């Protein structure tokens, strides 16, 4: 998915305060009755920046489907176990004190059925009393089709512009991105298409509850999209 742009990802999101978000995740986990230390698996870990910040309190591991983002994570987190796997169906044969799925990555499950499979797979990796933390994507009534979003980054020898616009097709947000990447030797272009399912809060809560978890919901979350915390039976 990020085959042409993985190396640009952290530059475009350099404004994101991963340390503050990790601290907030831990705060909400502890408030919900989960562990403030121990082991943690970051599902859809991307370039590993949340895992890097969470490593201040947990022994972290990660997984992602995208090889390019995983390569960046491996460079950032030498010695940390990082797996290439699909969140909708994975089995590492072990359990963790906390499992996270952040930055709205659950949307890449696309369908409600696949989202429920992903939540169930994550829940199966929880120790007794452990916490599952899921940051949702937009709900169907919140996503705005036709909204044009622009991210830019400038540094010596590299300028990046990414422009994106979305539409809704059968309750799936379809995001089309165009990149302009300027270097001293010229300007190159790249295109991406992302499909992310639009799940309601009720659907998200039901998925966690049906996985056997006690669910709390923080309406603000890390970026205004909310955050679900499910605690496994102790």
Original post:
Quick one: which of 79, 46 is within 24 Å of residue 4 (Cβ to Cβ), in the same structural domain as residue 124 (by TED's automatic domain parsing) and modelled with pLDDT of 95 or more?
Top reply: 46
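Answer yes or no: is there a residue in the stretch 65-72 that is closer than 16 Å to residue 228 by Cβ and either surrounded by fewer than 17 Cβ atoms within 10 Å (Cβ to Cβ) or modelled with pLDDT of 95 or more (or both). Before you say what the answer is, go through the steps one by one.
We begin by selecting, within the stretch 65-72, every residue closer than 16 Å to residue 228 by Cβ; these are none.
No: zero hits.
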Original post:
Which residues, taken from the stretch 91-126, are surrounded by fewer than 18 Cβ atoms within 10 Å (Cβ to Cβ), closer than 19 Å to residue 29 by Cβ and either touching a strand residue (DSSP E or B) at 6+ places or on another chain (Cβ under 7 Å) or outside the structural domain of residue 29 (by TED's automatic domain parsing) (or both)?
Top reply: 95
Original post:
Is one or more of the residues making up the stretch 33-45 surrounded by 15 or more Cβ atoms within 10 Å (Cβ to Cβ), out of contact with any strand residue (DSSP E or B) (no Cβ under 8 Å at 6 or more places or on another chain) and under 17 Å from residue 100 (Cβ atoms)?
Top reply: no
Subject >> All strands (runs of 3 or more DSSP E) inside the stretch 158-226 with 3 or more residues being loosely packed, with under 13 Cβ neighbours inside 10 Å >> reply: 186-197
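Within the stretch 8-42, track down each residue that is touching a helix residue (DSSP H, G or I) at 6+ places or on another chain (Cβ under 6 Å) and either under 19 Å from residue 81 (Cβ atoms) or touching a residue at least 60 places away in the same chain (Cβ under 8 Å) (or both). Spell out how you get there, then give the answer.
Narrowing the stretch 8-42 to residues touching a helix residue (DSSP H, G or I) at 6+ places or on another chain (Cβ under 6 Å): 18-19, 22, 36, 40, 42.
22, 40, 42 - these are the residues of the stretch 8-42 that are touching a helix residue (DSSP H, G or I) at 6+ places or on another chain (Cβ under 6 Å) and either under 19 Å from residue 81 (Cβ atoms) or touching a residue at least 60 places away in the same chain (Cβ under 8 Å) (or both).
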Original post:
Which residue pairs have Cβ atoms under 7 Å apart, sit 6 or more places apart or on different chains, and have a first residue in the stretch 151-163 that is at positive phi and a second that is loosely packed, with under 14 Cβ neighbours inside 10 Å?
Top reply: 157/183; 157/184
Original post:
Which residue, of 61, 129, is touching a residue at least 24 places away in the same chain (Cβ under 8 Å), exposed (fewer than 15 other Cβ atoms within 10 Å of the Cβ) and within 25 Å of residue 27 (Cα to Cα)?
Top reply: 129
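The values are calculated or read from the model by the stated rules, or taken from the named source; none is laboratory data. Nothing here was measured: the structure is a model prediction, and the numbers come from that model. Cβ atoms come from the backbone with ideal geometry, glycine included; neighbour counts cover every protein chain shown.
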